[in-house]
Amino acid sequence: MAILSKDEAQAIMKKVLGFAKADETEVGLGGQQSGNIRYARNAVSTAGEVSNLNLSVSSSFGKRTGNATINEFDDASLEKVVRRAEELARLAPENPEYMPLLGPSNFAESIGFIPSTAAMTPDTRAEMVAKSLKVSKDNKLESAGFLQNSAGFRAMANSKGLFAYNKSTDVSFSVTVRNQEGTGSGYVDHSFNDVGKLDTLALTKIAANKATSSAGAKAIEPGRYTVILEPLAASDMLGGIIRGFEQRTADEGRSFMSKKGGGTRLGEQLFDEKVNIISDPMNPELPGATWSGDGMPVEKTVWVENGVVKNLACSRFWAQKKGLKPLSGPGGGRFGGGGMIMAGGTASIEDMIKNTEKGILVTRFWYIRMVDQQTLVQTGLTRDGTFYIENGQIKFPVKNFRFNESPIIMLNNVEELGKPVRSGSSILPPMKIRDFTFTSLSDAI
Amino acid sequence: MKRKDFIYYTGMSLGSLMLPKMSAFGRDIDPAEALQGVDAAVKKELADVALNAAKSKGASYADVRIGRYLRQFVATRDKRVQGVANTENYGVGIRVLVNGAWGFAATNAVSKDAIAKAAEQAVAVAKANAKIQGEPVQLAPQKGFGEVSWKAPIEINAFEVPIKEKVDLLLQVNDIAITNGASFVTAMISAVNEQKYFASTDGSYIDQDIHRIYPTFNVTKIDRAAGKFMQRNALSAPMGMGYEYMHARPQDRLSGIVTRYKDRYDILEDVKNATKDVDDKLKAKSVEPGKYDLVLDPSHLWLTIHESVGHPTELDRVLGYEANYAGTSFLTLDKWQSKKFNFGNKNVNIVADKLQKGSLGAVGWDDEGVKCREWDLIKDGILVNYQTIRDQAHIIGLKESQGCCYSQGWDDVQFQRMPNVSLRPGKQKLSVDDMIKNVEKGIYIIGDGSYSIDQQRYNFQFGGQTFYEITNGKITGMLNDVAYQSNTQEFWNSCAAICDESDYRLGGSFNDGKGQPSQSSAVSHGSSTTRFNGVNVINTARKIG
């Protein structure tokens with residue numbers, strides 16, 4: 001059984017700690033059950049179920065640390081993995097940045113586990129995919145999609161008495177619908193903790209509509225345009241920015257948060273004042289881990305307030321070195337959890353289109369890669385539904401563009417923010433952005 | 001450093017091509033365990049359990065992969081070791097064909113009972129899929145090879161080299177960079193050993209031992225007063241070799257504006273050059289956008305080949321199986337059927353090769369028991385073939401698969417992955433210096449940088465590590481903020497000259513991603529330095545206020 005209760009997890013970890021002889025020992029335990037179904041050309045291609053349970057042990061003698069993991073749980077194996085970690089610790093060089101383990105803490109109970117999502121079966125998945133396939137078959141379109149659900153837990157314990165446990169579920173669905181001529185394509189991609197919120201039929205209809213309406217795209221000149229980015233496109237662009245809210249790289253001079261001449265840009269007005277970004281593991285639409293890999297509590301944190309950067313994530317080592325308070329970062333990076341939540345307004349995408357004189361509506365971006373680490377300039381392309389807007393109406397589909405743009409510049413050029421929705425591991429509003437830089441055209445559909 | 005931190009670190013520094021699945025990295029083990037393989041006779045006995053169980057439950061075809069995947073990472077930052085990890089992943093994956101549909105199941109419990117149970121599970125999955133399957137799977141015939149084996153021709157097993165030797169080398173790399181003025185440096189050696197056993201109801205029992213190695217570093221220099229920083233990565237290539245790759249010989253060095261490496265690599269020399277390069281980059285001028293003739297070093301061109309030739313010639317993309325993730329391809333079947341689709345200039349000859357010595361994709365047999373070989377993809381500029389596996393071969397009229405099936409681990413189903421795809425060198429004698437002499441207004445690009453291409457592989461943009469301005473046949477200085485944009489067909493038609501065999505080198509990727517759930521594979525791409533005329537270069541510099 002891959003999903004252990006809090007008591008079951010604690011019992012195993014206590015036993016493991018009982019075998020430990022190192023100065024400090026940290027134990028991690030995690031399990032996941034997941035299932036998936038993939039389809040293309042209007043037929044299922046692959047399907048599978050995977051169950052995993054893993055134990056990790058980190059042993060330290062002074063500043064020497066060794067790590068070992070195992071997925072066997074008899075007493076001999078548990079003792080073996082502890083001895084192996086201790087042996088590696090004795091062989092390892094000293095880590096000058098080693099931080100002593102933290103003691104017990106009161107971690108909030110996570111809210112991300114939904115039993116109905118955990119209870120999904122191959123039949124449930126097949127039924128949900130059948131609804132999606134019906135849309136494409138009925139409309140003489142072709143779909144390719146992927147549905148995946150998982151249920152899991154994570155726990156950690158250490159020789160100083162710390163114990164933490166979280167349980168979560170997740171279901172994600174994406175589908176690309178194309179017309180048979182290959183001249184139009186639409187896409188949707190949504191994730192939820194609760195499968196009850198996933199409607200594969202309705203979502204596939206959106207993708208099908210985009211596939212039909214994007215056919216016969218016209219070429220227009222690349223250049224600077226006002227764009228309306230759907231939440232999926234907005235989240236594609238902003239992933240890199242959130243990782244930049246980090247104290248150490250800013251202090252070291254190798255981040256957009258570094259100040260010319262030294263120091264950081266914390267407290268500066270870096271973005272338009274409409275920009276407000278937080279992370280909150282207790283948000284019901286985007287629940288996250290309540291503790292980080294460092295054993296620190298993860299709490300609601302304000303990152304940007306009215307365009308001013310208010311906090312930078314800081315590891316325990318760097319906090320001690322600089323006399324700062326350690327802070328877990330957003331985005332599930334090195335310091336732990338809580339996805340990015342950006343505030344917006346009440347306008348729908350349709351409302352935003354009505355307010356636009358000339359612009360481009362972008363469904364999603366594709367193959368985004370960093371061009372310049374310092375300015376966060378990225379390149380990538382639009383995909384699966386790009387439309388020209390004039391006088392408050394969508395006029396015609398346009399060929400896909402390649403962009404070269406920085407999310408920092410983008411968040412300075414905010415004209416309007418719509419109603420936020422969950423997109424992957426973020427909650428973001430649709431955004432109307434002026435002067436977005438498209439540099440070339442693509443014939444790809 | 002903990003494993004998740006290591007993965008984060010490597011992902012950031014290497015700009016991973018795609019996303020390898022976490023479980024592929026396996027569990028940590030003592031280094032000594034890596035040296036012990038599992039006896040082939042034991043694996044045959046276990047494989048027969050799977051095949052017999054599958055057949056008895058109704059499978060018309062079955063294959064089983066027993067895999068032991070070993071990885072070692074040694075990573076350093078400045079004057080300290082960031083992490084040392086040895087991981088092992090061991091288990092069994094069983095694939096079956098029942099009623100014309102595929103089924104797959106995997107277990108990490110390598111016992112006869114667990115394997116038989118997994119085979120039954122795979123049959124059950126296939127039976128469920130068959131109910132909603134469209135056209136039944138049509139599998140190209142494949143003869144059984146009996147009990148055979150293949151071993152990568154390595155000279156030094158990287159797992160046998162003491163960790164201390166690697167740590168000392170990497171700390172020496174960092175010391176050279178810091179001593180020569182770098183602000184920060186990271187360095188890493190990664191080694192992989194896949195011990196794979198494949199058996200099928202065709203009568204094959206194939207035991208393979210595959211090795212890969214990847215040393216790399218990143219040097220950063222910061223100009224605090226100007227508020228700028230510059231970086232340069234190693235000019236190494238990940239290779240299908242042992243630790244001998246780290247021992248460069250005189251014939252492995254190609255002199256020029258910077259030393260480049262052929263077959264073996266000198267990490268100490270390269271880091272010294274890189275530290276000078278970042279210094280020069282801080283002082284270099286920003287490129288004037290416009291049309292340039294590009295001279296592309298193999299350390300750069302491999303990535304352009306990978307993205308613009310390797311991926312669009314994958315038949316599963318052409319057919320639409322990757323439409324929801326990696327995309328489709330502009331190289332549709334009608335273009336291939338015409339036998340005259342002009343992919344590139346007539347000097348462009350691109351070959352798929354699963355046997356190339358020292359390459360990341362070199363194996364004796366693929367992951368469905370097909371013996372590996374070489375074939376043409378682009379011949380004299382014309383599209384002549386694709387990359388296929390057994391259940392696609394009939395679509396392009398082949399009587400057998402081209403052996404392009406691969407899975408990143410025992411717990412993932414095998415599917416179509418790219419073989420080594422390489423540009424053949426020019427037939428006429430031509431050195432890099434001679435090529436540059438003939439360029440009036442150009443840019444010489446060394447090393448790979450940012451990369452992006454659309455979902456049908458038309459429009460692309462590539463950066464690099466270092467850019468040198470060429471004016472009237474001479475290199476006149478270094479440039480910054482360079483990226484070139486083109487359309488695949490236009491780009492390969494602008495190919496004006498290719499250096500000869502003496503300049504031919506491999507580049508490659510350790511982590512090329514594809515599939516849902518995403519899997520990672522390793523692949524090499526060879527070329528000599530090549531010239532492309534009149535390519536659009538943009539200036540990527542922006543002010544962020």
Tally time: how many residues in the range A:151-176 are within 14 Å of another protein chain (Cβ to nearest Cβ) and open to solvent by 20 Å² or more (accessible area, probe 1.4 Å)? 3
Is it true that A:N54 is within 14 Å of chain B (Cβ to nearest Cβ), in contact with a helix residue (DSSP H, G or I) (Cβ under 9 Å, 6 or more places away or on another chain) and either open to solvent by 30 Å² or more (accessible area, probe 1.4 Å) or of a type in the set (S, T, N, Q) (or both)? yes
Those residues of the range A:383-400 which are within 9 Å of chain B (Cβ to nearest Cβ) and not charged (D, E, K, R), in sequence order: A:N400
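Each row is one residue, and each column tells you yes or no for (1) β-branched (V, I, T); (2) away from every other protein chain (no Cβ under 14 Å).
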| site | (1), (2) |
| --- | --- |
| A:V227 | yes, yes |
| A:A234 | no, yes |
| A:I241 | yes, no |
| A:E252 | no, no |
| A:F256 | no, no |
| A:K259 | no, no |
| A:Q269 | no, no |
| A:D272 | no, no |
A careful count of residues in the range B:486-508 that are within 14 Å of another protein chain (Cβ to nearest Cβ), touching a residue at least 12 places away in the same chain (Cβ under 8 Å) and open to solvent by 10 Å² or more (accessible area, probe 1.4 Å) gives 3
Which listed residue, of B:A122, B:A128, is open to solvent by 10 Å² or more (accessible area, probe 1.4 Å) and either more than 23 Å from A:E72 (Cα to Cα) or not in a loop (DSSP other than H, G, I, E, B) (or both): B:A128
In this structure, does B:V137 turn out to be of a type in the set (V, I, T), more than 8 Å from chain A (Cβ to nearest Cβ) and surrounded by 16 or more Cβ atoms within 10 Å (Cβ to Cβ)? yes
When B:Q138 is run through (1) at pLDDT 95 or above; (2) part of a loop (DSSP other than H, G, I, E, B), the failure sits at (1)
Output for the range A:112-127, where each listed residue is within 12 Å of chain B (Cβ to nearest Cβ) and surrounded by 15 or more Cβ atoms within 10 Å (Cβ to Cβ): A:P122, A:R125, A:A126
Specify which of the listed residues (A:E79, A:E72, A:E86, A:E109) is facing chain B (nearest Cβ under 10 Å) and either open to solvent by 40 Å² or more (accessible area, probe 1.4 Å) or part of a helix (DSSP H, G or I) (or both). A:E72
Could you list all residues from the range A:424-440 that are assigned to a strand (DSSP E or B) and either β-branched (V, I, T) or away from chain B (no Cβ under 14 Å) (or both)? A:S426, A:I427, A:L428, A:M431, A:K432, A:I433, A:R434, A:T437, A:T439
Quick one: would you say A:P93 is more than 14 Å from chain B (Cβ to nearest Cβ), open to solvent by 30 Å² or more (accessible area, probe 1.4 Å) and farther than 30 Å from B:G327 by Cβ? no
Residues in the range B:215-233 that are within 7 Å of chain A (Cβ to nearest Cβ), touching a residue at least 40 places away in the same chain (Cβ under 8 Å) and β-branched (V, I, T): how many? 1
Enumeration of residues in the range B:199-231 that are of a type in the set (A, V, I, L, M, F, W, C), in contact with a Phe, Trp or Tyr (Cβ under 7 Å, 6 or more places away or on another chain) and open to solvent by 10 Å² or more (accessible area, probe 1.4 Å): B:I222
Conditions (1) surrounded by fewer than 20 Cβ atoms within 10 Å (Cβ to Cβ); (2) part of a strand (DSSP E or B); number of the one not met by B:K357: (2)
Are there any pairs, at least 6 apart or on different chains, whose C-beta atoms fall under 7 Å, with the first in the range A:8-23 and among the aromatic types (F, W, Y) and the second in a helix (DSSP H, G or I), and if so, which? A:F19/A:L78; A:F19/A:E79; A:F19/A:V82
Does A:I206 meet the test of being open to solvent by 20 Å² or more (accessible area, probe 1.4 Å), closer than 27 Å to A:P287 by Cβ and modelled with pLDDT of 95 or more? yes
Within the range A:78-97, work out how many residues are at pLDDT 85 or above, closer than 12 Å to A:F19 by Cβ and touching a strand residue (DSSP E or B) at 6+ places or on another chain (Cβ under 9 Å). 7
Read through the list (1) within 12 Å of another protein chain (Cβ to nearest Cβ); (2) touching a Ser or Thr at 6+ places or on another chain (Cβ under 7 Å); (3) of a type outside the set (S, T, Y), then give the number of the only condition that A:A43 fails. (2)
Considering residues of the range A:133-150 that are touching a residue at least 60 places away in the same chain (Cβ under 8 Å) and more than 11 Å from chain B (Cβ to nearest Cβ) only, the residue nearest to A:D23 (Cα to Cα): A:N149
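The values are calculated or read from the model by the stated rules, or taken from the named source; none is laboratory data. Keep in mind the model is a prediction, meaning the values are calculated, not measured. Neighbour counts are summed over all protein chains in view; Cβ atoms, including those assigned to glycine, are modelled from backbone coordinates with ideal geometry. Remember, those area values only see protein heavy atoms, side chains included, never the ligands or the DNA or RNA. Shrake-Rupley method; radii C 1.70, N 1.55, O 1.52, S 1.80 Å.
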